[in-house]
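Asker: Let me begin by handing over the structure; questions about it come next.
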Amino acid sequence: LYFTKRDYELDFNSTTQEVVNILGRPSQIFYKEEDKMKIHTSTYAGVSCSDYFFNYFSLGIDILFDVHTHTIKKFVLHTNFPCHYE
């Protein structure tokens, strides 16, 4: 994902710290609590750990991170007008 105005690039090897350095602090962090297929969920000593999203509402981007490597697994690009909640 390339940001032309800032001349920055994010790819699937980007870490959480790289994302925060480029995009700033996320508007919200969302931890996946339920995964019906149990593909993205693991358990450590009885404690459930799951992947998490950085939500950038003003940019219309959500970024899913892997809980083990803390690298990007998925980009979710919203088609809403930037800075518009709906």
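The values are calculated or read from the model by the stated rules, or taken from the named source; none is laboratory data. Everything quoted here is computed from the prediction, not taken from an experiment. Cβ placement follows ideal geometry from the backbone for every residue including glycine, while neighbour counts extend to all protein chains displayed. What goes into the accessible areas is simple: the full protein's heavy atoms, side chains included, and nothing from ligands, DNA or RNA. Shrake-Rupley method; radii C 1.70, N 1.55, O 1.52, S 1.80 Å.
Asker: Across segment 11-32, what is the total count of residues that are within 14 Å of Lys73 (Cβ to Cβ) and basic (Lys, Arg)?
Answerer: 1
Asker: Being open to solvent by 20 Å² or more (accessible area, probe 1.4 Å) and assigned to a strand (DSSP E or B) is the filter here; which residues of segment 63-80 pass it? Full working, then the answer.
Answerer: Initial filter on segment 63-80 (open to solvent by 20 Å² or more (accessible area, probe 1.4 Å)): 66-71, 73-80.
Matches in segment 63-80: Thr71, Lys73, Lys74, Phe75, Val76, Leu77.
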